[in-house]
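Notes for the one structure printed next.
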Amino acid sequence: MSVNKGEVVTIIGGSGSGKSTLLTCINGLEPIQGGKITVDGTVVHHPETDLNKLRQKIGIVFQQFNAFPHLTVLENVTLAPRKVLGMARDKADEIAIKQLSHVGLGDKLSVYPSRLSGGQQQRMAIARALAMSPDYMLFDEVTSALDPQLVGEVLDTLRLLAAEGMTMICVTHEMRFAREVSDRVAFFKDGHIHEIGTPAQIFEQPEKPETAAFLKVAH
Amino acid sequence: MFHTALTLNDLLFLAKGAGVTLAITAIAVLFGTVLGTVFGALKAQASALAMAPLTFVLDVLRSVPLLIQLILANAFQSIAGLGWSPFIVACVMLSLYTSAYCTEIVRGGIEAVPAVTRRAARSLGMTWGQDMANVTLPMALRVALPGWIGLTLGVMKDTALVLWLGIIELLRSSQILVTRLQEPLFILILVGAIYFLISFPIARLGGRLEQRWREND
């Protein structure tokens with residue numbers, strides 16, 4: 001499977017089908033036993049690849065909340081630009097405030113993450129990843145741990161990013177969202193891409209029976 | 001009417017002993033904590049096999065009575081011709097002893113940091129060192145603090161054993177006074193109060209820090 005710049009690819013499939021693992025393999029958190037993953041020509045799992053440098057280009061947001069609890073919202077977002085990119089404090093603050101306002105958290109800068117709702121924490125995690133100006137964003141079921149009423153605000157943020165032309169790979173169970181936003185949808189089964197195509201193809205005319213069966217249940 | 005033979009000079013003598021106790025405690029806790037943090041971070045990261053030699057040494061330090069360690073260390077340094085003063089022997093052995101306990105406290109604190117949080121830090125491009133310094137150790141500190149305060153308070157009392165190397169610290173000072181003045185109860189109550197007074201700030205420091213962190217939650 002290859003993803004081009006500006007594309008939004010969503011990955012759907014049952015639990016244990018390997019969707020989340022794929023994302024953590026792309027940024028080198030997980031090792032691979034076979035095959036190859038390249039990002040902009042760099043082979044991810046090559047021993048000489050500088051993973052820390054590669055991860056500056058790839059933003060990832062996970063399903064579980066992982067805010068740094070000992071830092072305020074603003075500090076959470078400015079930490080990586082300051083420490084990894086060596087940015088000066090005021091420049092980092094400027095970028096952080098911009099990203100946090102973009103996701104609707106401009107008024108929560110000096111709040112600690114424990115005081116945020118789940119939806120707000122996820123939006124903060126998105127802003128934190130975006131503050132590094134990545135070329136690609138990976139979203140791993142970012143709404144699955146949220147209360148239903150908080151899902152909408154996070155999906156809105158994802159829609160905004162997609163409209164702005166960010167290259168995204170989203171693992172999601174939100175079928176309506178996948179249909180609306182994706183350029184392509186991949187259906188995973190047993191660790192393989194079972195079928196891949198445009199939303200129209202996958203949702204309306206799936207070729208494989210397993211795809212159709214999954215969609216029937218998931219809808 | 002209460003009467004005591006204790007003079008101002010005696011009180012100054014006790015204060016001097018307290019000073020020695022504090023000095024040894026401060027040195028032991030400082031070096032022990034630095035070493036313990038390094039060892040604890042290593043043990044949290046590396047495989048059990050790679051850590052086996054270090055683990056063995058630290059287990060010995062934790063298991064053999066401190067008194068035996070002090071006396072043997074003093075004997076060996078003399079045999080080896082190192083020429084260390086009893087004060088240096090005391091500081092070295094107490095630092096190693098503190099580091100052995102501190103290693104486990106730090107390791108426990110680091111392992112209490114959720115893996116997902118560390119994954120998030122690394123995914124932002126932080127190196128292992130940057131993750132440790134900015135995310136993991138600050139979070140581990142909050143978990144490890146009560147244990148570390150307990151260790152510090154314990155080490156302060158363990159310093160009394162250095163009297164067997166001939167060092168006149170607080171407890172030995174009180175023994176000397178008791179022998180001379182024959183007022184054991186009063187002097188022991190007084191010395192107990194002095195130990196309490198010098199420990200009190202450390203115990204309360206822990207409380208104040210936890211209070212400040214709790215306000216952020």
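No lab work stands behind these numbers, since they all come straight from the coordinates. Computed from a prediction, not measured in an experiment: that's the story for all the values here. All Cβ positions, glycine included, derive from the backbone under ideal geometry; neighbour counts span all protein chains shown.
Listing for the model above:
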quantity: Evaluated at q = 0.09, 0.11 Å⁻¹: base-10 log I(q)/I(0), Debye formula over Cα of the protein assembly as shown; calculated: -0.72, -0.91
quantity: From phi via Karplus (6.51, -1.76, 1.60), per-residue ³J(HN,Hα) for segment A:116-129 in Hz, x at Gly/Pro; calculated: 8, 6, x, x, 5, 5, 5, 5, 5, 4, 5, 4, 4, 6
quantity: Segment A:206-217 - phi-based ³J(HN,Hα) in whole Hz, Karplus 6.51/-1.76/1.60, Gly and Pro as x; calculated: x, 7, 8, x, 5, 4, 4, 4, 4, 5, 4, 6
quantity: Cross-link table A:LYS5/B:LYS43; A:LYS91/B:LYS43; A:LYS19/A:LYS91; A:LYS83/A:LYS108; A:LYS53/A:LYS91, entries beyond 32 Å C-alpha to C-alpha; calculated: A:LYS5/B:LYS43; A:LYS91/B:LYS43; A:LYS19/A:LYS91
quantity: Peptide-level mean, for B:113-120, of C-beta atoms on other protein chains within 10 Å; calculated: 5
quantity: Relative contact order (percent, whole number), chain B, Cα cutoff 8 Å, 6+ residue spacing; calculated: 32 percent
quantity: For A:62-70, mean number of other protein chain Cβ atoms within 10 Å; calculated: 6
quantity: For segment B:88-201: relative contact order, % (alpha-carbon pairs under 8 angstrom, 6 or more apart); calculated: 25 percent
quantity: Karplus 3J(HN,Hα) series, Hz, for segment A:137-148 with 6.51 cos²θ - 1.76 cosθ + 1.60 (x for Gly, Pro); calculated: 10, 10, 10, 9, 6, 5, 9, 5, 9, 9, 4, x
quantity: Charge dipole of chain B about the Cα centre (unit charges at C-beta), most positive-ward option of B:LEU153, B:MET126, B:PHE186; calculated: B:MET126
quantity: Residues with amide H under 5 Å from that of A:THR167, placed H, sequence gap 5 or more; calculated: A:GLY6, A:MET137
quantity: Chain lengthening between B:ALA26 and B:LEU67 when straightened (0.36 nm per residue, less Cα-Cα); calculated: 12.9 nm
quantity: Within segment B:8-213: Cβ-based charge dipole about Cα centre, in debye rounded to nearest 20 (Lys, Arg +1; Asp, Glu -1); calculated: 460 debye
quantity: Unit charges at the beta carbon, dipole of segment B:124-217: most positive-side option, B:ALA203, B:LEU170, B:VAL135; calculated: B:LEU170
